[in-house]
1. Can you compute 3J(HN,Hα) from phi for each residue in the stretch 102-113, using the Karplus curve 6.51 cos²θ - 1.76 cosθ + 1.60 with θ = phi - 60°, rounded to whole Hz and x for Gly and Pro?
2. Going through the stretch 124-210, which trypsin sites (Lys or Arg not before Pro) have at most 16 other Cβ atoms within 10 Å and a DSSP loop state?
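What follows draws every value from the coordinates through simple rules; no lab data is involved. Keep in mind that this is a model prediction, so the values were computed, not measured. So basically every Cβ, Gly included, is an ideal-geometry build from the backbone, and we count neighbours across all protein chains shown.
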Amino acid sequence: MRRTLKEGLRWPLAVPARMILALLACLVLASAAVPRPATAHPHVFVDCEASLIFNDAGLAVLRQTWHFDEFFSAMILGDLGLSPKNSLDETAQRRVRTHAFDNLKNFGYFTYIYLDGKELPTPDPTRFSARVEHGQLVYEFDMPLSAAASGSPRSLTFAVYDESFYTFMDFPPREIGFDGAHDAFAISWDAREQTDKRYYFGQITPVVVDVTFTRNRP
């Protein structure tokens, strides 16, 4: 099940969705930290999708899907001895995760999560997969939330962005997916600018997704 964002929202940046993603290789493969200059601007562009998975208790998982363009895909897979023309078996996926994903923990996976107004530590992904679609590398991973529903509405707020502005995460998506036992809950969502979290010298205002859910009455 997918629900579409209201058309009235102004997108924060008019950036083409498919651009060169070269710098992510530096972020995820470099063995030493490199100081980021004050004149940083986005060198990495990622298209984001998001789904919320419910179980019988409530909200269980935030699932993200990141799409990279053909240039980056060929470069990163080539560095790992893989080909963008072939599917990725389990061994190849483990290699991608080890060398081109796990290091993003140092950046919180560019993900910010608030439950009932309280910011949560970024959960470590419990599931990760990598695949190639039409020559493009795609990551999909789950972040556990374990937010049990109650008689009163609960709120989840999340955003995906790199406050250094080296990486542009194309977020929020126009649709949010709801999966699992979501029919047992009344769910609504919208997006808004988070003006108190401006970054890149105050020039960029991140957009967050607000989700409210409560258990349906019998």
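1. Whole-Hz 3J(HN,Hα) from phi for the stretch 102-113: 4, 5, 5, 4, 5, 10, x, 6, 6, 10, 10, 10.
2. On the way: sites: 127, 131, 154, 174, 192, 197, 198; in loops: 174, 198.
Taking the stretch 124-210 and a limit of 16 other Cβ atoms within 10 Å, the loop trypsin sites (Lys or Arg not before Pro) found are 174, 198.
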